[in-house]
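A.B. asks: Dumping the structure here so I can ask a few things about it.
Just so you know, all these numbers are worked out from the coordinates, no wet-lab data involved. Please read all numbers here as calculations on a predicted model, not as lab measurements. Every residue, glycine as well, gets a Cβ built from its backbone with ideal geometry; the counts of neighbours run over all protein chains shown.
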Ligand SMILES: [Zn+2]
Ligand SMILES: [Zn+2]
């Protein structure tokens, strides 16, 4: 069944393999099984200048059959403390995954955008109010130590399966 | 140096990190994390496959409505006790929940108008450049002649008709540059008209200033 979504995902897959050297904060972006291009996983690396440093954050990516007319569904599998990520479900509040989606985005550019969201949180549309409130009060020390604590607690295991 | 995103005339994700701003313009003092106490339509987690989990983790319109009604009941009880500050808190909460109920059913811009889709131009293959690709399917136009043909939007971006029509049936903008095209959606039409009136009024004011200065 060579439908439009499979042809496009195959193209993205080949491009991702070719560009792998150009993504410092994306350790991995690949289909979970070679023969199913509609279910992917990714691992984001916490950047050195943030409370996420040293953390590895696993994402679950589901491609709808209507992709790229509809966006992929992406959530964190690794527990993460971030104002725009739901602490329990891993749901991500990012406009390009919802109302601002357009087919010009790719899995790769979306993962880069999520990685960028980690260091540039948006406390005005929170899914995690505790983290957002610290930011809104300007309590950067409190915010960073909370982020660091959860990163050490959940994102630094050798084996996260 | 031009980035990957420039080369493909795509939006650079490094510059586009705006989280979803559904409630950004509701200036309420209270912004509760609803998800912790959100009643779920489906609580049987064992029955969920990984494919469904993403979809069901989003609170739906009904969830917000039910929660708003619940707080409405609380509010009536508070009224009897005369605690004004608490009442105001509940009022804000209820308003916000109803806003969410309205917003959660909408995903992005409204559909393009039927007549716009019907009248999309047919573009001859010789009009597109040799290595131009349709950004929806990522396929080169020249190598992909079997389809229903090529079309272009008023912003001059080219697409396969088969690719752009399903998008326009959902959203009235260009996938490449977000330039708007007409919509039949009454809310969109009203917003457009209001914006034009506001612009007209602003221009009239400038004229007046000039006349009396
Ligand atoms: Zn196409
Ligand atoms: Zn365009």
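A.B. asks: With N set to the residue count of region A:2-160, report its C-alpha Rg divided by 2.2 N^0.38 Å to two decimal places. Walk me through the numbers before you get to the answer.
C.D. replies: Values: Rg = 15.9 Å, N = 159, 2.2 N^0.38 = 15.1 Å.
That works out to 1.05 for region A:2-160.
A.B. asks: Further question on the same structure: Let me see the P(r) profile for region A:16-83: every Cα-Cα distance counted, bins of 5 Å, each bin given as a percent of all pairs.
C.D. replies: With 5 Å bins starting at 0, P(r) equals 4, 16, 21, 24, 20, 11, 5, 1.
A.B. asks: Summarise the partner chain shielding of A:108-115 as one whole number: the mean count of Cβ atoms from other chains within 10 Å of each residue's Cβ.
C.D. replies: Details: counts 2, 9, 1, 1, 7, 8, 2, 3.
Shielding by partners across A:108-115 averages 4.
A.B. asks: Any chance you could run the full-extension gain for residue B:193 through residue B:180? It's 0.36 nm times the residue separation minus the Cα-Cα distance, nm to one decimal. Let's see the in-between values first.
C.D. replies: Working: separation 13, 0.36 × 13 = 4.68 nm, distance 1.43 nm.
Residue separation times 0.36 nm, minus the Cα-Cα distance, leaves 3.2 nm.
A.B. asks: Can you work out the FRET efficiency for the pair residue A:50 and residue B:122, with r the C-beta to C-beta distance and R0 = 41 Å, to the nearest 0.05?
C.D. replies: Details: r = 51 Å, r/R0 = 1.25.
For R0 = 41 Å, the calculated efficiency reads 0.20.
A.B. asks: Let me have the 222 nm mean residue ellipticity of chain A computed from DSSP H runs of 4+ only, each contributing -39500 (n - 2.57), with the sum over all residues rounded to the nearest 500.
C.D. replies: Details: 4 runs with 51 residues, N = 161.
The helix-only estimate for chain A comes to -10000 deg cm²/dmol at 222 nm.
A.B. asks: Here's something else I'd like to know. Once the Cα atoms of helix A:4-18 and of chain A are each reduced to a long axis, what angle between those two axes, in degrees from 0 to 90 to the nearest 10, is obtained?
C.D. replies: Tilt of helix A:4-18: around 60 degrees.
A.B. asks: Roughly how crowded by other chains is peptide A:117-128, in terms of the mean Cβ count from those chains within 10 Å of each of its Cβ atoms?
C.D. replies: Details: counts 4, 1, 1, 4, 2, 6, 2, 6, 8, 5, 5, 3.
Neighbouring Cβ atoms belonging to other protein chains average 4 per residue here.
A.B. asks: Any chance you could run the full-extension gain for residue A:39 through residue A:22? It's 0.36 nm times the residue separation minus the Cα-Cα distance, nm to one decimal. Walk me through the numbers on the way to the answer.
C.D. replies: On the way: separation 17, 0.36 × 17 = 6.12 nm, distance 2.28 nm.
Here the segment from residue A:39 to residue A:22 would lengthen by 3.8 nm.
A.B. asks: Output the 0 to 90 degree angle, nearest 10, between the alpha-carbon long axis of helix A:140-154 and the longest principal axis computed from the alpha carbons of chain A.
C.D. replies: So the helix axis and the longest Cα principal axis differ by about 50 degrees.
A.B. asks: Now for a separate question. Starting with the fewest neighbours, write out B:184, B:160, A:35, B:131 ranked by other beta-carbon atoms found within 10 Å of each beta-carbon. Before the final figure, lay out the partial values.
C.D. replies: Numbers: B:184 14, B:160 20, A:35 5, B:131 8.
Starting with the residue having the fewest Cβ neighbours, the order is A:35, B:131, B:184, B:160.
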